[in-house]
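One structure below.
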Amino acid sequence: MATTRDRALEAAVRLVGEQGVRALTHARVDADADLPRGSTSNWFRTRDALVAGVVVWIAEQERADLTTAMAPAATPDEVIDVLTLLLEDATGRNAVRTRARYALFLETTAAPGAQPAVTTQRSMFEEWTRDRLRLLGAPAPDLAARSLLATCAGIIVNRLTVAPDLPIRPTVELVVRSALDPR
């Protein structure tokens, strides 16, 4: 059974992903999660703390998905296949969570108290991606990781906004293979 905190975070993601960041208030989260009034503020005293908490929670969910999916991926083709599936999920089955993540990224530029959460989570994803590309033999894993993450972000934004049927695999394959053999 989900804890009160998890119910609040799930509701917050749903609100932001479906209605935008203006929907993110303690009272609306409590109502959406069917929690007693004031429950969310017991966990997250300020709006910045709530934004930061949601950013971390989303990142934890995404890292769990990534870690599970990538566990058996040991070759470039397997990594490309898994990344393709993860991006399809991010823009399909998990589109609400993804829209919430992007909305909150933009929100943190005006919420200095929440910005460290974004920076920390981004660093963790960069480190994971860099390590995976290093294991595959990328000669410049730092640049490769930043390039791959930027490409994935672009694919996500395009699929969520103007090109929902944008093919994923060809672009991911181009970037991964270029990272591994940058001739």
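Coordinate-derived values only; no laboratory data. Keep in mind that this is a model prediction, so the values were computed, not measured. Note that we place each Cβ from the backbone using ideal geometry, even for glycine, and neighbour counts take in every protein chain shown.
Arranged from highest to lowest average of other beta-carbon atoms within 10 Å per residue, in what order do the peptides 172-178, 24-30 appear?
Taking the mean over residues of other Cβ atoms within 10 Å, the ranking is 24-30, 172-178.
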- Task: Return a whole-number percent for the relative contact order of region 48-180, with Cα pairs under 8 Å and 6 or more residues apart as the contact set.
- Result: 32
- Between the Cα axis of helix 141-161 and the main Cα principal axis of the chain, the angle (0 to 90°, nearest 10) is 60
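Would you mind getting me the FRET efficiency between residue 134 and residue 19? Use the beta-carbon distance for r and R0 = 45 Å, nearest 0.05.
On the way: r = 40 Å, r/R0 = 0.90.
Computed FRET efficiency for residue 134 and residue 19: 0.65.
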- Message: Compute the angle between helix 4-19 and the longest alpha-carbon principal axis of the chain, please, reported from 0 to 90 degrees and rounded to the nearest 10.
- Response: 70
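Mind ranking 164-171, 33-40 by how tightly packed they are, going by the mean number of other C-beta atoms within 10 angstrom, highest first? Write out the running numbers ahead of the final one.
Working: 164-171: 13.5, 33-40: 15.5.
Ranking the peptides 164-171, 33-40 by packing returns 33-40, 164-171.
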- Task: Could you rank the peptides 77-86, 62-71 by their average count of other C-beta atoms within 10 Å per residue, with the highest value first?
- Result: 77-86, 62-71
- Which value at 222 nm does the chain reach when only helices count, each DSSP H run of 4 or more adding -39,500 (n - 2.57), with the total divided by all residues and rounded to the nearest 500 deg cm²/dmol? -24500 deg cm²/dmol
- Message: Considering only C-alpha atoms, what is the centroid distance from region 144-171 to region 113-142, in Å?
- Response: 17
- Rounded to 10°, Cα long-axis angle of helix 95-108 versus longest principal axis of the chain: 80
- Looks like region 71-147, by Cα gyration tensor root eigenvalues a ≥ b ≥ c and the a/c under 1.5 rounded cutoff (else prolate when a/b is bigger than b/c, oblate otherwise), is oblate
- What FRET efficiency do you get for residue 34 and residue 143 if R0 is 35 Å and r is their Cβ-Cβ distance, rounded to the nearest 0.05? 0.15
- Message: With +1 assigned to the C-beta of every Lys and Arg and -1 to the C-beta of every Asp and Glu, and no other charges, what is the dipole magnitude of the chain about the Cα centre in debye, to the nearest 20?
- Response: 480
